[in-house]
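Written out below as structure tokens is the structure these notes cover.
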Amino acid sequence: MTGAVAAIAAVLHEKNGDFALEPVRVGPVRDDEVLVRIVATGICHTDLNVRRQSRSMPLPAILGHEGAGVVEAVGAAVTSVTPGDHVVMSYLSCGECAECRSDQPASCDRFGRLCFASARPDGSHAVCGAEGQVLNDRFFGQSSFATHAVVHERGVIPVGHDLALALLAPLGCGVMTGAGAVWNELQVTPGKSFAVFGAGAVGLSALMAARVSGATTIIAVDLVPGRLELARSLGATHVINPLDNPDVVGQIRCMLGDGVDFALDTTGAAKVIEGAFAALRQRGTLGLVACADVRQRLDLPHFALMTGCKRVIGIIEGGGSARAMIARLVDLHRRGQFPFDRLIRTYPFSAINQAAHDCETGDVIKPVLLME
Ligand SMILES: [Zn+2]
Ligand SMILES: [Zn+2]
């Protein structure tokens, strides 16, 4: 056990504002919690959606949900990690609902309350300002834009010491979301066709997963030529830039004859999703992993959905279990079959605002902040 520790966090004070590095106090840990010294954290578009409050959260807040680090202290009831362990942090799940009991914690009934409530379930905070000011925390159970975090034991996943934590940090959300969507939910099989809409960190991770699954036609759609080049080098057999030819559905049908078996939207934009649906072949499946605006509605053709025997599925964090996904991703990476390192650009923690800017402009696929 430990008392509160002095730390630095990047605090968001206002909508669309800069992150401000400030001294905070983290802890003490409770019996079922772990104190993690964060070594690296990815920036994900969900952090930026909250910054612009298209997904609202009370401010001031500490965001960040792709943390990786070293366990410094554990509560009395913690059994899965000990001080010194390297861990990747992921979303928090309850461990008690029907989804969790069937080892599907990504679709935990209480996901929203545990990951977006900005406090522990009892309303208390694990972090406060240096003078005791209230800070909204527990983002995805983590709030990893900080040098330290107190997290529930269920939110940390031990990893080996042989891989750099800066490399592993984005596994806890972005990489896992794309790969898990393909493996756990779409269940892409050998010889099938796959199209991903949006070639960012999630989309490119999905693309790599589809290649591992044996998909023989892999199509990437994006507006940024550099991302499409990267997609090609990671296994895309075809790339489409709607700025060159806006008839994306027509191009996919031309490539495949009768549409695509599996499609994944990572943009969250209704028009893109509706196009992805139109590109499906008979019995095709479309997965949705992003939502640009929580009030958005989709306009899908009822008759084509029914008579085409098509499926549209919502996917949180890639579905399944973060623990299983991270183990699989680390194993494939070690064998050279999942080069997620190629998505990453690192920044010092003090450059968080530059990193967020580069993420929003699309200049960088996956920014990772290094705390030291
Ligand atoms: Zn995320
Ligand atoms: Zn649950």
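Checked against the criteria, Phe140 counts as within 16 Å of ligand 2 (Cβ to nearest atom), under 29 Å from Val24 (Cα atoms) and among the aromatic types (Phe, Trp, Tyr). Might you let me know whether the range 42-52 holds any residue that is away from ligand 1 (no atom under 16 Å from the Cβ) and either over 23 Å from Thr346 (Cβ atoms) or not in a loop (DSSP other than H, G, I, E, B) (or both)? No.
Whether any residue in the range 91-110 is touching a strand residue (DSSP E or B) at 6+ places or on another chain (Cβ under 8 Å) and more than 14 Å from ligand 2 (Cβ to nearest atom) is what I want to check. Looking through the range 91-110, none of the residues is touching a strand residue (DSSP E or B) at 6+ places or on another chain (Cβ under 8 Å) and more than 14 Å from ligand 2 (Cβ to nearest atom).
Scanning the range 329-372 for residues that are free of Cβ contacts under 8 Å to residues at least 12 places away in the same chain and under 27 Å from Pro23 (Cβ atoms) yields Gln354, His357. Taking the range 108-134 as the range and being away from ligand 1 (no atom under 13 Å from the Cβ), part of a loop (DSSP other than H, G, I, E, B) and within 23 Å of the chain's Cα centre (by Cα) as the test, the residues that pass are Cys108, Asp109, Arg110, Ala117, Ser118, Ala119, Arg120, Pro121, Ala126.
When Asp293 is tested against (1) open to solvent by 30 Å² or more (accessible area, probe 1.4 Å); (2) assigned by TED's automatic domain parsing to the domain that holds Gly112; (3) under 26 Å from Ala10 (Cα atoms); (4) not aliphatic (A, V, I, L, M), only condition (2) is not met.
From the list Ala20, Ala77, which one is more than 16 Å from ligand 1 (Cβ to nearest atom) and outside any loop (DSSP other than H, G, I, E, B)? The match here is Ala20.
The set of residues in the range 106-118 that are out of contact with any Asp or Glu (no Cβ under 7 Å at 6 or more places or on another chain) and open to solvent by less than 70 Å² (accessible area, probe 1.4 Å) comprises Phe111, Gly112, Leu114, Cys115, Phe116, Ala117.
Note on the range 323-361: residues that are touching a Lys or Arg at 6+ places or on another chain (Cβ under 7 Å) and open to solvent by less than 20 Å² (accessible area, probe 1.4 Å) total 1. Restricting the first member to the range 295-322 and to residues that are farther than 21 Å from Val188 by Cα, and the second to residues that are in a loop (DSSP other than H, G, I, E, B) and open to solvent by less than 80 Å² (accessible area, probe 1.4 Å), the beta-carbon pairs closer than 8 Å and six or more apart or on different chains are Gln296/Gly268; Ala304/Lys310.
Taken together, Val196, Val175 contain a single residue that is closer than 22 Å to Ile344 by Cα, part of a strand (DSSP E or B) and in contact (Cβ under 8 Å) with a residue 24 or more places away in the chain, which is Val196.
If you check Asp18, Asp32 for being assigned by TED's automatic domain parsing to the domain that holds Arg120, within 16 Å of Ala119 (Cα to Cα) and at pLDDT 95 or above, only one passes: Asp32.
Matching residues to (1) over 30 Å from Gly214 (Cα atoms); (2) in the same structural domain as Arg30 (by TED's automatic domain parsing); (3) in a loop (DSSP other than H, G, I, E, B); (4) in contact with a strand residue (DSSP E or B) (Cβ under 7 Å, 6 or more places away or on another chain):
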site	(1), (2), (3), (4)
Ala149	yes, yes, no, yes
Arg154	yes, yes, no, no
Asp162	no, yes, yes, no
Trp183	no, no, no, no
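Filtering the range 21-39 to residues that are within 22 Å of Ala130 (Cα to Cα) and touching a helix residue (DSSP H, G or I) at 6+ places or on another chain (Cβ under 9 Å) leaves Leu21, Glu33, Val34, Ile38, Val39. Applying the criterion of being touching a Gly at 6+ places or on another chain (Cβ under 6 Å) and over 18 Å from Glu185 (Cβ atoms) to the residues of the range 71-90, the residue that is farthest from ligand 2 (Cβ to nearest atom) is Val88.
The values are calculated or read from the model by the stated rules, or taken from the named source; none is laboratory data. These figures come from a predicted structure and were not determined experimentally. So basically every Cβ, Gly included, is an ideal-geometry build from the backbone, and we count neighbours across all protein chains shown. Heavy atoms of the whole protein, side chains included, go into the accessibility calculation; ligands, DNA and RNA do not. Shrake-Rupley method; radii C 1.70, N 1.55, O 1.52, S 1.80 Å.
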